[in-house]
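The numbers here are math on the coordinates, done by the rules we state, and not lab data. This is a predicted model, so every value here is computed, not measured. Counting neighbours? That spans all protein chains shown, and the Cβs are built from the backbone with ideal geometry, glycine included.
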Amino acid sequence: MPLRIAFIVDPLDALKPYKDSSIAMMRAAQAAGHAVCTIQQPSIHWTTQHGVCAEATSIVLLESNSEWYVEGESMIGPLRGFDAVIMRKDPPFDMEYVTTTWLLERAEADGARIFNSPRALRDHSEKFAITEFAEFTVPTLVTRDAGMIREFIGTHRDTVLKPLDGMGGSQVFRVRDDDPNRNVIIETLTRDGQRTIMAQRFIPAISEGDKRILIIGGEVVPYCLARIPMAGETRGNLAAGGRGEARPLSTRDREIAETLAPMLAERGMIFVGIDVIGDWLTEINVTSPTCMVEICQQTGFDSAAMFIKAVEASCGAEPIPPTENDSDES
């Protein structure tokens, strides 16, 4: 049966329809016969009378990437009035984001279905989460102590330092033991010992790509997107100029993803993007993973449609049968 699905997203005019996974999800939802609405984070609120509510605007998705949507009616109402609410607000993961997870968790308690789980979003640090799966990680240190970081760099000689709350490759530094800027980089990233950061042994296989592997509804997408750094870079992030190349999963990729998939799904994470460099797990992304569009364009595998089927299954909805015009015989 048709569902009413609300997507909590950034302002629509800021989204990039030629690559944005949230838009791919909305298009897939509409193609499956569901009604799509969008919600902006600032409109989410709670009242004693109505519980958690928000202003939701209905939209019609278009195929064009220039004018990709038409807005319809806007109404304020409780989130439990939707069959599913998809939290796709991009970081930063700041106190406003945390507050939104509190509101969404209250809505969930009142009967709303929220994906990913608000508690999971709040409790799951995307970079620190790899510490639960140390068997899949390179030597790693999490601290704000400059002396420990210097010792780590001295031991491993070639390392990567990054904040725990960054995204898109922001503030990620490759630091060698003989780097004349080593100490100032440590001071800058830790804010003179006031901020905890992560240090990892450098993985040379980054030259072959930082692989984004998608897990949807506890199932592993059979293709990854290897984000290959541009010349002179050690960051594969597309936001940092990396080039995306879709590939079938390796045996090691599948081993890592299939180990994590059931545990993450059990915790309410219906859509996860893990990052693997070479044979090593580096991040577990749950806030607003991307790369759906690039994988579909290069392989034909529609992970956005797979996501909507997972939402339908979670909501107990039967898939909508194709119309006569949608059948292979038309």
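Extension gain, residue 298-residue 142: 0.36 nm per intervening residue step, less the Cα-Cα distance, totals 52.5 nm. Extension gain, residue 252 to residue 73: 0.36 nm times the residue separation minus the Cα-Cα distance gives 59.6 nm. Secondary-structure-derived ellipticity at 222 nm for the chain, considering helices only, amounts to -8000 deg cm²/dmol, per-run term -39500 (n - 2.57) for DSSP H runs with n ≥ 4. Annotation: extensible slack from residue 245 through residue 181 equals 19.7 nm (criterion: 0.36 nm per residue apart, minus Cα-Cα distance).
Remark: spin-label model distance residue 315-residue 259 equals 3.5 nm, labels positioned 7 Å along the Cα→Cβ axis.
Distance between the modelled labels on residue 151 and residue 95, one decimal in nanometres: 3.4 nm (7 Å Cα→Cβ projection).
With respect to the chain, whose longest principal axis is taken over its alpha-carbon atoms, helix 95-109 is tilted by about 40°.
Among 272, 184, 172, the largest mean-square fluctuation in a Gaussian network model of the chain, built with springs joining Cα atoms closer than 10 Å, belongs to 184. Compared with the dominant Cα axis of the chain, that is its longest principal axis, helix 303-315 is turned about 60°. Comparing 199, 146, 56 in a Gaussian network model of the chain, where Cα atoms under 10 Å apart are tied by springs, the biggest mean-square fluctuation is seen for 146.
Applying a threshold of 19 Å to the alpha-carbon distances of 127/211; 127/309; 89/162 flags 127/309; 89/162 as lying beyond it. Taking a straight line from the alpha carbon of residue 16, these aspartates and glutamates sit under 17 Å away, with near neighbours fewer than eight places off in the same chain left out: 63, 67, 71, 90, 294.
Among 47, 159, 99, the largest mean-square fluctuation in a Gaussian network model of the chain (Cα springs under 10 Å) belongs to 47. Normalising the average separation of contacting C-alpha pairs (under 8 angstrom, six or more residues apart) by the number of residues puts the relative contact order of the chain at 18 percent. Which longest uninterrupted range of the chain lacks any GluC sites (Glu not before Pro) assigned by DSSP to a loop state (not H, G, I, E or B) and surrounded by at most 14 other Cβ atoms within 10 Å? My reading of the result: 68-328 is the longest stretch.
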